[in-house]
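Participant: I have a structure here, written as structure tokens, and I will follow up with some questions on it.
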């Protein structure tokens, strides 16, 4: 492979001039630039920044894997991550997996090939066993999502408690027929369902399997599920929406169908995103401390990068709380 | 610097076994893995994926620079980009610049150091002159944002027409006192203001400089601006909000202060994001074809990567239209 010296020789310029052109330094004449570019092209030479970065052994870049950015939960989580990243001179590379195992696996190569110093999962598609070997390549943290068997730091919330609080609030408002929306994938999804069912069981309320809905957390899903509920013969009087986006879609769709919220149907969200406050009636919800979770995660990442300790097992659990507004 | 052969020698294993461990292939025993990791550590060896990628001369990765992901406009734009990227086997690296020149410049290094095959700007902080040299490193496209002097392909909307349509609609509804929210940075911001003022001037309406507001496009900004408007002695009867997020924040805040929308105050948004439909009253807005703009941009990127033509100057302008709902 051609070297920078080859380029300098062919261009008839010094090695330092070639370097200045490659690094886009100012005060290089256009003619010299063109000579360098031409020589690089002729020799099929590309500046090997990997070598440069390997010398200092870091990229000051952290990869953040998210399922999708159109769910505002993730942009707000990234905002928290970035506050601490910036304070520590780190930049973020954000990667959407769209819940695809192969994509997630491909993005892991960023860590393995030293294009990033560390990697943060905010959701996980592959089995932990296939992720584990990548620990050798650099620090990995799970944020939001979690797996009991994962031997990496985790920053998470008590999802069982969160959904328990939400369901309990609906029950205390007299509801016995409560629909549930949410995924049952991964421990997060299972824990959330567990907390919901625990609240029902505590009050001897039985769950109707027709009232369980699985879908992605979007406004459109909320509208769709609301229509499905209206088509049921035995309708629930309250809905645990599982996300504010779903809850917002439901409220909008319910009103189009002439329902009064909360009189005809109570709706409780999850997350406490800005849309919850915008709705009319404003959405009662279970607040996740999203920004704080992001900041805490990046603090741990910085500490792992500094201490070079890649083996700590550490679970941080942040508080979760009910925000009462007008939709229950 | 150590090579893969050195690692194989020290580990007492074949080169191909080392390669399999590095590339995380299945069916390598844990013992062999540990031997390889130990040898790599001892020799300070990192798999040089750059070399691998240089061999095939591409990374199949496109960098997308956005100002901020908490403005939903950008996640929806990325969604459009990604549809076409996936169809063509490309992955995206998303980078937030937070309107910071240095950050933007740092992310450009991704292109220069061949960590990505191409780069897309959705906003631009630096002068075109300081971006231009990076064209030598790979295809660059501007999407949404634009600069007349930029000699790269641009996918954009007719911003002058967009704001003209919005202002015209307010004027046709009898308004003469119209506030304007928006940036005056960059050509996009200036064009949008130009279209707004053109509609006013056409109807011989004078602009009151007290009614011009500059802020970032967020729900909180909308609330803040609405409060500022309420504190004015001479109040506008209508607002061109410049974004749906600002418009949504305004509607919410206005209702808290007992105003009826649109009777006491008309509000028109910009973008046509999902939040526009959720509002009560639903937000009249100027629709930007966000998804289409993303798809079109990535189609151009694919074509530039395929044809190796880095010098085409090509402006694609997509249609923009008024969506009448209930807030005017």
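Participant: Tell me the angle of helix A:73-87 to the major Cα principal axis of chain A, expressed in degrees between 0 and 90 and rounded to the nearest ten.
Facilitator: 40 degrees
Participant: For residue B:203, place a label point 7 Å from Cα along the Cα-to-Cβ direction in every copy; what are the distances to the other copies, in nm, shortest first?
Facilitator: Here the equivalent label points are 5.3 nm apart from this one.
Participant: Okay, moving on. With n ≥ 4 as the cut-off for DSSP H runs, can you work out [θ] at 222 nm for chain B, using -39500 (n - 2.57) per run divided by the number of residues, rounded to the nearest 500?
Facilitator: It lands at -14000 deg cm²/dmol.
Participant: Using only the alpha carbons of segment A:4-47, what is the convex hull's orientation-averaged projected area in square nanometres?
Facilitator: 2.5 nm²
Participant: Placing one identical point scatterer on every Cα of segment B:180-222 and ignoring solvent, what is log10 I(q)/I(0) from the Debye formula at q = 0.24, 0.32 Å⁻¹?
Facilitator: -0.89, -1.13
Participant: Compute the distribution of all C-alpha to C-alpha distances in the protein assembly as shown, in bins of 20 Å from 0, and list the percent of pairs in each, rounded to whole numbers.
Facilitator: 17, 46, 31, 6, 0
Participant: Next up: Would you kindly work out, in nm and rounded to one decimal, the distances from the label point of residue A:190 to those of the same position in each other copy, ordered shortest first, with label points 7 Å along Cα-to-Cβ?
Facilitator: 5.9
Participant: Build a GNM of chain A with springs between Cα atoms under 10 Å: which of A:206, A:42, A:245 gets the top mean-square fluctuation?
Facilitator: A:42
Participant: Right, something else. Once you have a ≥ b ≥ c as the square roots of the Cα gyration tensor eigenvalues for segment B:159-287, tell me rounded if a/c is under 1.5, and otherwise prolate or oblate according to whether a/b is larger than b/c. Provide the component values of the computation, followed by the final result.
Facilitator: Values: a/c = 1.39, a/b = 1.20, b/c = 1.16.
Since a/c stays below 1.5, the shape of segment B:159-287 is classed as rounded.
Participant: Distances in nm, one decimal, shortest first, from residue A:326 to the same residue in every other copy, taking the label point 7 angstrom along Cα→Cβ.
Facilitator: Sorted ascending, the copy-to-copy spacings read 1.3 nm.
Participant: Computed on alpha carbon atoms, what radius of gyration and Dmax characterise segment B:61-205, expressed in Å?
Facilitator: 17.6, 56
Participant: Between the helical axis of A:290-307 and the dominant principal axis of chain A, each derived from Cα atoms, what acute angle in degrees is found, rounded to the nearest 10?
Facilitator: 40 degrees
Participant: Can you give me the relative contact order of chain A as a percent, contacts being Cα pairs under 8 Å and 6 or more apart? Walk me through the numbers before you get to the answer.
Facilitator: On the way: 591 pairs, mean separation 57.3, N = 328.
Taking the mean separation of contacting Cα pairs over the length of chain A, I get 17 percent.
Participant: Same structure, new question: Where does helix B:244-256 land angle-wise versus the long Cα axis of chain B, in degrees 0 to 90, nearest 10?
Facilitator: With rounding to tens, the tilt is 50 degrees.
Participant: Have a look at A:131, A:120, A:290 and tell me which one the Gaussian network model of chain A (Cα, springs below 10 Å) gives the largest fluctuation.
Facilitator: Maximum fluctuation in the GNM of chain A, among the listed residues, is at A:131.
Participant: Now a separate question. Just tell me how shielded B:217-225 is by partners: mean number of partner chain Cβ atoms within 10 Å of each residue's Cβ, no decimals. Don't skip to the answer; put the middle values down first.
Facilitator: Values: counts 0, 1, 4, 1, 0, 1, 1, 0, 0.
Mean number of neighbouring Cβ atoms from other chains: 1.
Participant: For chain A, modelled as a GNM with alpha-carbon contacts under 10 angstrom, which of A:242, A:294, A:189 fluctuates the most?
Facilitator: The residue with the greatest mean-square fluctuation here is A:189.
Participant: Further question: Please state the shape class of segment B:78-123: rounded when a/c is under 1.5, otherwise prolate if a/b exceeds b/c and oblate if not, all from the C-alpha gyration tensor.
Facilitator: On the way: a/c = 3.32, a/b = 1.53, b/c = 2.18.
Taking the square roots of the gyration eigenvalues as a ≥ b ≥ c, segment B:78-123 is oblate.
Participant: Once you have a ≥ b ≥ c as the square roots of the Cα gyration tensor eigenvalues for chain B, tell me rounded if a/c is under 1.5, and otherwise prolate or oblate according to whether a/b is larger than b/c. Please list the in-between numbers first.
Facilitator: On the way: a/c = 3.12, a/b = 2.37, b/c = 1.31.
Since a/c reaches 1.5 and a/b is larger than b/c, the shape of chain B is classed as prolate.
Only the coordinates and a few stated rules stand behind these numbers; no lab work does. Not measured: the values here are computed from a predicted model. All Cβ positions, glycine included, derive from the backbone under ideal geometry; neighbour counts span all protein chains shown.
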